[in-house]
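Everything on this sheet refers to the single structure shown next.
The values are calculated or read from the model by the stated rules, or taken from the named source; none is laboratory data. Since the structure is predicted, the reported quantities are computational estimates derived from the model, not experimental observations. When we count neighbours, we look across all protein chains shown, and the Cβ atoms used for this are built from the backbone with ideal geometry, even at glycine. Remember, those area values only see protein heavy atoms, side chains included, never the ligands or the DNA or RNA. Shrake-Rupley method; radii C 1.70, N 1.55, O 1.52, S 1.80 Å.
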Amino acid sequence: MPSALPPVVFHQLSLASTVLDAELGSAIVSMHVFGSAVDTGLQPSSDLDLLVTVDEAPSESQRSAVLTQLLTVSAPPGASAMLRPLEVTVLSLAHLKPWRYPARRELQFGEWLRHDLLAGVFEAPMRDPDLAILITKVRDSSIALRGPEASALLPHVPQADLGRALLDTVGQWNQPEDWAGDE
């Protein structure tokens, strides 16, 4: 992993990588850190954004194990001096190439899901318009923790699909709590 990241971030990403390796193993093609850790500098309440690309979709048992184990290396904002909130998205290359909108995500972990995960409630893989935005962001600005640079691995998102994704994502925001933190 790149040593350019702050030591506490490097340590937490190493812990997350260990969890992902244990559950997804050789299916992992790449891991990219992006977002404020790369772009604008981490703030005290910033999460760590991690995109994991696999060559085959994980099984239901692998997905539940990843989601459950990531709870041990993530913490709600302000709850730990050593752990930040993680946001981990896993995508399968088989569902990305050729590009189609909306793309499918295999799993997503985030602190907003902690209560459901602890209760054993796990989202199924799903099509997600926001992935067009995420993939564009990762291709433009990320650090490869493992595997090739994102621009060499992830498909280019056509401008029209990026526009659709922005409209579709904003269209899901009906209440202030829907966009809180995403301003």
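Antiparallel as a % of all DSSP beta bridges within the range 1-129, to the nearest 5?
65 percent
Under 1.5 on a/c is rounded, so check that first for the range 89-140, then, if it is not, pick prolate when a/b is larger than b/c and oblate when it is not; a ≥ b ≥ c are the square roots of the alpha carbon gyration tensor eigenvalues.
Prolate.
If each DSSP helix of 4+ residues adds -39,500 (n - 2.57) and the sum is divided by the residues in the chain, what number results at 222 nm, nearest 500 deg cm²/dmol?
Rounded to the nearest 500, the figure is -10500 deg cm²/dmol.
Which residues' amide hydrogens lie under 5 Å from the amide hydrogen of S30, considering only partners 5 or more residues apart or on another chain, with H built in the peptide plane?
T53
Which value in nm describes the separation of the simple spin-label points at A94 and L118, placed 7 Å from the Cα toward the beta carbon?
Distance between the two pseudo-spin positions: 3.5 nm.
Over the chain, with the other protein chains present, what is the accessible area per residue in square angstrom, probe 1.4 angstrom?
Per residue, the chain has an accessible area of 49 Å².
If we count every other residue with Cβ under 14 angstrom of V8's Cβ, Lys/Arg +1 and Asp/Glu -1, where does the sum land?
Taking every Cβ under 14 Å from that of V8, the sum is 0.
By per-residue mean of other Cβ atoms within 10 Å, what is the highest-first order of 135-146, 150-161?
Ranked from most to least packed, the peptides come out as 135-146, 150-161.
State whether the range 30-136 is rounded, prolate or oblate according to the following rule on the C-alpha gyration tensor (a ≥ b ≥ c being the square roots of its eigenvalues): a/c under 1.5 gives rounded; otherwise a/b larger than b/c gives prolate, and the remaining case gives oblate.
Oblate, because a/c is 1.5 or more while a/b does not exceed b/c.
Mind listing the phi-derived Karplus ³J(HN,Hα) values for the range 11-18, rounded to whole Hz, using 6.51, -1.76 and 1.60 with θ = phi - 60°, and x for any glycine or proline?
Running phi through 6.51 cos²θ - 1.76 cosθ + 1.60 with θ = phi - 60° gives 4, 5, 5, 5, 5, 5, 4, 4 Hz.
May I ask you to give the percent of accessible area on the chain that is carbon plus sulfur, with a probe radius of 1.4 Å?
55 percent
Specify whether the C-alpha gyration tensor of the chain places it in the rounded, prolate or oblate class, a ≥ b ≥ c being the square roots of the eigenvalues: rounded for a/c under 1.5, otherwise prolate if a/b is larger than b/c and oblate if not.
Rounded shape, in that the Cα axes give a/c under 1.5.
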